[in-house]
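First the structure, in the form of C-alpha cells, and then the observations on it.
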Amino acid sequence: MTSIESGLIASLSALISGADNVAITTHMHPDGDALGSSLGLLRYLAAAGKNALIVLNDRYPDSLAFLAGDDRDSIVIHEENPEAAASAINSADLLFCLDMSTFDRAENLKDMLERRSCTKVLVDHHLNPDSGRFSLVFSDTDISSTSELLYYILKAMPGTDGDAGKLPKKGAEALLAGMTTDTNNFSNSVYPSTFMMASELLAAGIDRDAIIASLYTNYRENRFRLMGRLLSENMVVTDFGVAYMIVDRTMAGKYDIREGETEGFVNIPLGIDCVRMSLLLKEEEDRFRVSVRSKKGTSANRCAALYFNGGGHELASGGKLFKGKDLHEGTAAEAARYIEAKTKEFLTDGK
Ligand code: 5GP
Ligand code: MN
C-alpha cells in the first residue's frame, strides 16, 4: 500500500489547522484528474470546517459537470471572472497546486500564483516538478494519478485514521473518478496501489457504476461522428511508426466540438501494430494543442519536451505549437509537415 511519509502528513495537518482561507488550483483545460482531485480536496477541507475555493484558469468540460454537482459555486474561473479568481488567490493563506508540475501549466493564473507569498503545497504525479517553489511537496511519478496520491494523503491524515469510509463521500467519489479517467478506466498507469484504492472505496460504499455511467455513457453523438471522420479520412500512419490526426477549427466547428469532447482519441491509433507513437493536434486561436501517447520503449515525454513545448509522463504527454513562432503560417498543413519532420528525426536519430 502506498504509504506517505508521516512527517509530511504531520506538516500538512498543521498547515491546514492553521489556515483560514484555502485556495486550490490545477492545470489549464482541467481534465478528470485535475477536477476530481481538486473536488476531493475541497470536500475534505469543507468537512474540516475550512473556507476553500477552487480556482481554475478556464472552465471544466460539460462532460465533467456531474463531478462538481452542488459545489459548482465553490469553483471560480479566471477566464469568466478574473476579479474573483484574483481575490481567491490573494486572500488565501494556504494554496494547493494539484496535478501540475509548474506554475506555467496554470496559464493565466501563473503570475498571481508565483507572486502570492502564502504557504504553497504541491500534490502532483508529473515528471520534473518545480519543487523549490513549494513549502511542502507530495510528488510521486509511480502512481496512477493525482487523485490516487491525494487519496493516500487524506487517508493518512489524523481524523481519517486509515479508514476510507471516514472521507466525505462526494470527495471520495471525485477521487475515484479522477483516478479512473487518468488510467483510461484501468488500462494504463495502473499500480497495485491503484486497485487497492478502488477496492477500498468500493468497500466504503462508493457507487463506481454510477461514476462509470456518468463518465462513459453520456457523450454527445457528435463526438463519435468526428471520431469516425478522423479515423477514416484524417489519420496519417507514417512508415516510421507515428500516427497523427489534426482537428482544425473548421472541423471542430462542423462537428460542434466542445472542450473535452476529443478526450481519448489520441489513444486509438496505438492499437495499430506498427504505431509506436500517436499524436492528436487541436487548433486554437493562437496555437495547436498537442497530445502525445507512446508505447513502452518510446518516450512521449521526451518528444513533447524536445519539439512541442511540453512534457507530462513517460508514455502520455502534451504540449503546444504556437502560431507565428513554431509554425510561421500557422496552418494545419504546416503543422502536419512539422510533426512528420520532427517525429521522424526523434524516432530515427534515437533521440
Ligand atoms: P493531454 O494529452 O491529455 O492533454 O495531456 C497528457 C499529459 O500531458 C497530462 O499529464 C498533462 O498534464 C500533460 N500536458 C498536457 N499539455 C501539456 C503542456 O503544455 N505542458 C506540459 N508540461 N505538460 C502537458
Ligand atoms: Mn493527472
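Kindly establish whether residue 258 is of a type in the set (D, E, K, R), outside any loop (DSSP other than H, G, I, E, B) and within 24 Å of residue 61 (Cα to Cα). Answer is no for this residue.
Residue 195 meets each of the listed conditions (1) more than 16 Å from ligand 1 (Cβ to nearest atom); (2) in contact with a Pro (Cβ under 7 Å, 6 or more places away or on another chain) apart from (2). Scanning the range 26-68 for residues being more than 16 Å from ligand 1 (Cβ to nearest atom) and in a loop (DSSP other than H, G, I, E, B) gives a total of 3.
Cβ-Cβ distances below 7 Å connect the following pairs, each with a first residue in the range 111-133 that is closer than 22 Å to residue 302 by Cα and among the small types (Gly, Ala, Ser), a second residue that is within 15 Å of ligand 1 (Cβ to nearest atom) and open to solvent by less than 60 Å² (accessible area, probe 1.4 Å), and a separation of six or more residues or different chains: 131/122; 131/139. Checked against (1) more than 24 Å from residue 346 (Cβ to Cβ); (2) of a type outside the set (Phe, Trp, Tyr); (3) in contact with a Pro (Cβ under 8 Å, 6 or more places away or on another chain), residue 250 passes all but condition (3).
Count of the range 268-294 residues, restricted to those that are touching a Pro at 6+ places or on another chain (Cβ under 8 Å) and either assigned to a strand (DSSP E or B) or not assigned by TED's automatic domain parsing to the domain that holds residue 307 (or both), is 1. Note on the range 95-145: residues that are over 21 Å from residue 40 (Cβ atoms), open to solvent by 50 Å² or more (accessible area, probe 1.4 Å) and not in a loop (DSSP other than H, G, I, E, B) total 9. Could you go through the range 183-203 and let me know if any residue there is away from ligand 2 (no atom under 15 Å from the Cβ), farther than 25 Å from residue 15 by Cβ and buried (at least 23 other Cβ atoms within 10 Å of the Cβ). Scanning the range 183-203 turns up at least one residue that is away from ligand 2 (no atom under 15 Å from the Cβ), farther than 25 Å from residue 15 by Cβ and buried (at least 23 other Cβ atoms within 10 Å of the Cβ).
The values are calculated or read from the model by the stated rules, or taken from the named source; none is laboratory data. Treat the numbers as computed from the prediction; the structure is a model and nothing was measured. Neighbour counts are summed over all protein chains in view; Cβ atoms, including those assigned to glycine, are modelled from backbone coordinates with ideal geometry. Just the protein is used for accessible areas: all its heavy atoms, side chains included, with ligands, DNA and RNA removed. Shrake-Rupley method; radii C 1.70, N 1.55, O 1.52, S 1.80 Å.
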